[in-house]
Amino acid sequence: MNKRDYYEILGVSRNASEQELKKAYRRLAIQCHPDRNPGNKEAEERFKEASEAYEVLSNPEKRGLYDQFGHSIGGRGFGGFSDIDFSFGRGFDDLFGDIFSDFFGRRSARRRYGEPGADLRYNLEISFEEAAFGVETNIEVPRPKECDNCQGSGARPGSGPVICPTCGGRGQISYQQGFFSISRTCSHCRGEGRIVREPCPECRGEGQVRARHRLSVKVPPGVDNGSRLRLQGEGEPGINGGPPGDLYVVVSFRDHSIFQREGTELICEVPITFVQAALGADIEVPTLNGLRRLRIPPGTQSGKEFVFKGEGIPSLNGLGRGDQHIIVAVETPTKLNAKQRALLEEFARISGEIVNPRAKSFFEKVKEFFE
């Protein structure tokens, strides 16, 4: 079956301009579109025929080949023009999005139903106490936003994107090599299917501008270093109507001068004198909720651990708190006056040469080992 002349199908002359081709195709496509003619095979075939004609004639390279060789181009190794996708699903919007921007009262997507925006990361440093008890803080996130001047189109106001003349709006260039069909992204429009001939002066054709977005972040009690908070939809905006990405706030907290932390367990090292360790004492130790009294029993050794139940870090899931561990460190005086030295020497003479029970036990074991 001989194929009809493409110019005849669209009802235009052989020297028709791009705008004339577009206008003729718009008229035929709206008239014969299958959505307006359900079950009408003749209308569907006419629509396919018009779409194929427009796809070829709107591409300068393909139009030149057609004008020179006609439909016989298929026998010259290029595979003809039979590789056009005429499905009426997403491929329809992808191929003819610019032409049908107002088709049936809706705006078509420039690309295949839009692309989701990229996720963003924000590093948030807070204090030790804020990590323990939670905090609400404001942050500023640099991210792109839709250009107000061109409403995201990338084109100068009053103009608009046009169909890419290289790929005819498909976003891809196809080649036929023997039995294989090879496709690649169109380098002219970078796969968009449309190009901006008059870029917006504000965004330089990108459709987006950089801006600082201010938002509030609620940090829950009990977060640890490296905890990630997901703020849905606060990432980069989507492309062509796609959904925005997410913002991930990665939390870290500053070291504390007194406390250390292991999960929900709070650790505090408290220095005491050797007199307090030997005789016992009541001391005040810090907690996250303020000072609390601790009884040091007589004979306490350095490294002795005491535990305050439920005085640690709140659990991130809200189920209780960890414990606080107080580790005492007995300090040995480094500077003694004459009287202090004399008293200590007297204490040594009264107690014997070795005055530390633990040390005495250790040296007794050493003696037994070498006997």
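The values are calculated or read from the model by the stated rules, or taken from the named source; none is laboratory data. Computed from a prediction, not measured in an experiment: that's the story for all the values here. Cβ sites come from the backbone with ideal geometry, for glycine too, and all protein chains shown count toward neighbours.
Is at least one residue of segment 317-335 free of Cβ contacts under 8 Å to residues at least 24 places away in the same chain, in contact with an Asp or Glu (Cβ under 6 Å, 6 or more places away or on another chain), more than 30 Å from Thr137 (Cβ to Cβ) and basic (Lys, Arg)? Looking for residues that are free of Cβ contacts under 8 Å to residues at least 24 places away in the same chain, in contact with an Asp or Glu (Cβ under 6 Å, 6 or more places away or on another chain), more than 30 Å from Thr137 (Cβ to Cβ) and basic (Lys, Arg), one finds none in segment 317-335, hence no. Being over 22 Å from Pro161 (Cα atoms) and in contact with a Pro (Cβ under 9 Å, 6 or more places away or on another chain) is the filter; apply it to segment 6-62 and report the residue that is surrounded by the most Cβ atoms within 10 Å (Cβ to Cβ). Restricting to residues being over 22 Å from Pro161 (Cα atoms) and in contact with a Pro (Cβ under 9 Å, 6 or more places away or on another chain), the top hit is Phe47.
Among what's in segment 194-234 and is over 19 Å from Thr137 (Cβ atoms) and within 21 Å of the chain's Cα centre (by Cα), pick the residue that is modelled with the highest pLDDT. Result: Gly233. Within this structure, Lys48 fails the test of being in contact with a strand residue (DSSP E or B) (Cβ under 8 Å, 6 or more places away or on another chain), charged (D, E, K, R) and at pLDDT 85 or above. Within segment 1-33, the residues that satisfy the criterion of being out of contact with any Leu (no Cβ under 7 Å at 6 or more places or on another chain) and not in a helix (DSSP H, G or I) are Met1, Asn2, Lys3, Arg4, Asp5, Gly11, Ser13, Arg14, Asn15, Ala16, Ser17, His33. Scanning segment 34-55 for residues that are touching a residue at least 60 places away in the same chain (Cβ under 8 Å) and not in a helix (DSSP H, G or I) turns up just one, Asp35.
Only a single item in (1) without any contact (Cβ under 8 Å) to a residue 60 or more places away in the chain; (2) touching a Phe, Trp or Tyr at 6+ places or on another chain (Cβ under 9 Å) is not met by Gly205, and it is number (2).
Is there a residue in segment 271-282 that is under 30 Å from Leu319 (Cβ atoms) and surrounded by 13 or more Cβ atoms within 10 Å (Cβ to Cβ)?
The answer is no, given that none of the residues of segment 271-282 is under 30 Å from Leu319 (Cβ atoms) and surrounded by 13 or more Cβ atoms within 10 Å (Cβ to Cβ).
For Ala132, indicate whether it is under 25 Å from Arg212 (Cα atoms), hydrophobic (A, V, I, L, M, F, W, C), touching a Gly at 6+ places or on another chain (Cβ under 9 Å) and surrounded by 20 or more Cβ atoms within 10 Å (Cβ to Cβ). So Ala132 does not fit the description; no. Considering segment 236-250 alone, what residues qualify as being in contact with an Asp or Glu (Cβ under 8 Å, 6 or more places away or on another chain) and either modelled with pLDDT of 95 or more or under 25 Å from Glu130 (Cα atoms) (or both)? Answer for segment 236-250, where residues must be in contact with an Asp or Glu (Cβ under 8 Å, 6 or more places away or on another chain) and either modelled with pLDDT of 95 or more or under 25 Å from Glu130 (Cα atoms) (or both): Asp246, Leu247, Tyr248.
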